Amino acid sequence: MNHSQLSNNIIKKSSFLCVGLDTDPRRLPAGMEANEKNVLHFNRVIIEATHKYAAAYKINIAFYEAMGPQGWEVLQETLKFIPDGIFTIADAKRGDIGNTAEQYARAFFEVLNFDAITLNAYMGRDAVAPFLAYSDKWAIVLALTSNPGASDFQYRTDAKGIPLYLSIAHAAADWGSPGQIMLVAGANRTTELNELRAALPQHFFLIPGIGAQGGSLAEVYASASTATGPCMLVNASRSILYASSGPDYAIRAGQEALRLQEEMSNLINQAN
């Protein structure tokens with residue numbers, strides 16, 4: 001999916017919602033046994049309840065790796081439930097180089113056919129370049145994360161006073177076009193989002209931290225939107241997946257996704 005297709009889908013749905021499928025077998029609804037079969041069932045029902053409101057789905061690979069070989073089967077089957085035209089992200093945070101990076105790219109772009117993958121660029125251009133060899137696929141580079149430990153390294157400045165997160169963003173923009181590179185920036189970093197948007201006016205941002213983490217959607221939109229619209233995907237995982245632990249979990253998940261979509265639609269309309 002290229003830049004214009006993703007942008008058009010967002011405008012068509014009046015939604016830049018990314019639903020995170022970080023499905024933990026231990027948090028399945030009451031009465032549902034924690035096993036691979038029920039994780040797959042849960043994912044299918046959640047997708048059916050939310051796909052009308054979602055521009056993207058982000059699958060956190062760790063939750064599926066933790067289930068062993070069966071987890072990869074659940075991952076593959078889950079992807080089949082996502083309707084065509086909805087952007088898919090492998091939240092894998094890979095960050096190796098050379099032949100290893102090429103194999104990661106092959107696994108996620110050819111075998112699993114994700115549209116995008118999250119990457120850790122600590123090893124530089126070599127960790128990202130193999131993913132840029134695929135047309136209409138995206139490398140989503142970690143720039144400024146929402147976790148408390150982000151301050152350990154990401155805010156450190158160089159001799160010119162430029163923080164590391166901004167140096168990463170500039171480097172990533174040099175490695176690929178706005179149709180290849182997306183940046184991760186946390187919803188709780190609205191001041192820095194303004195700075196990143198000024199530096200990268202055309203690139204998409206993947207923004208976690210809305211919902212269970214308490215980020216403000218209005219503040220995020222004000223900081224990260226562009227003159228041409230919401231050039232972003234805002235992720236919500238737990239607030240949708242676990243909106244209810246009872247038999248109404250699908251209804252409540254759909255209601256939460258709709259609530260976020262309606263707020264996003266209002267923000268888009270107000271900007272216009």
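The values are calculated or read from the model by the stated rules, or taken from the named source; none is laboratory data. Remember, predicted model here, so these are calculated numbers, not experimental data. With ideal geometry, Cβ positions are generated from the backbone for all residues, glycine too; neighbour counts draw on all protein chains shown.
Residue under question is Ala171, and the condition is that it be touching a strand residue (DSSP E or B) at 6+ places or on another chain (Cβ under 9 Å), of a type in the set (Gly, Ala, Ser) and crowded, with 18+ Cβ neighbours inside 10 Å; does it hold?
Criteria not met by Ala171.
So which of Phe42, Phe16, Phe63 ends up being touching a residue at least 12 places away in the same chain (Cβ under 8 Å) and within 20 Å of Asp248 (Cβ to Cβ)?
Only one candidate qualifies: Phe42.
Would you check if there is a residue in segment 104-111 being in contact with a Gly (Cβ under 6 Å, 6 or more places away or on another chain) and either surrounded by fewer than 21 Cβ atoms within 10 Å (Cβ to Cβ) or among the polar types (S, T, N, Q) (or both)?
Taking every residue of segment 104-111 in turn, none turns out to be in contact with a Gly (Cβ under 6 Å, 6 or more places away or on another chain) and either surrounded by fewer than 21 Cβ atoms within 10 Å (Cβ to Cβ) or among the polar types (S, T, N, Q) (or both).
Scanning for something surrounded by fewer than 18 Cβ atoms within 10 Å (Cβ to Cβ), modelled with pLDDT of 95 or more and outside any loop (DSSP other than H, G, I, E, B), does segment 84-92 turn up at least one residue?
No: zero hits.
Does segment 236-256 contain at least one residue that is under 24 Å from Ile11 (Cβ atoms), surrounded by 24 or more Cβ atoms within 10 Å (Cβ to Cβ) and touching a Cys at 6+ places or on another chain (Cβ under 9 Å)?
Yes, because at least one residue in segment 236-256 is under 24 Å from Ile11 (Cβ atoms), surrounded by 24 or more Cβ atoms within 10 Å (Cβ to Cβ) and touching a Cys at 6+ places or on another chain (Cβ under 9 Å).
For (1) closer than 25 Å to Thr190 by Cα; (2) among the small types (Gly, Ala, Ser), each residue gets a yes or a no:
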position: Ile61; (1), (2): no, no
position: Gly71; (1), (2): no, yes
position: Pro83; (1), (2): no, no
position: Asn99; (1), (2): no, no
position: Arg106; (1), (2): no, no
position: Ile117; (1), (2): yes, no
position: Met123; (1), (2): no, no
position: Ala129; (1), (2): no, yes
position: Ser146; (1), (2): yes, yes
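From Ala185, Ala150, grab the single residue that is touching a helix residue (DSSP H, G or I) at 6+ places or on another chain (Cβ under 7 Å), within 18 Å of Thr118 (Cβ to Cβ) and among the aliphatic types (A, V, I, L, M).
Ala185
Would it be correct to say that Tyr165 is closer than 22 Å to Lys52 by Cα, of a type in the set (Phe, Trp, Tyr) and surrounded by 16 or more Cβ atoms within 10 Å (Cβ to Cβ)?
no
If only one of Gly186, Gly179, Gly149 is of a type outside the set (Val, Ile, Thr), under 22 Å from Asn235 (Cα atoms) and free of Cβ contacts under 8 Å to residues at least 24 places away in the same chain, which one is it?
Result: Gly149 is the single residue among Gly186, Gly179, Gly149 that is of a type outside the set (Val, Ile, Thr), under 22 Å from Asn235 (Cα atoms) and free of Cβ contacts under 8 Å to residues at least 24 places away in the same chain.
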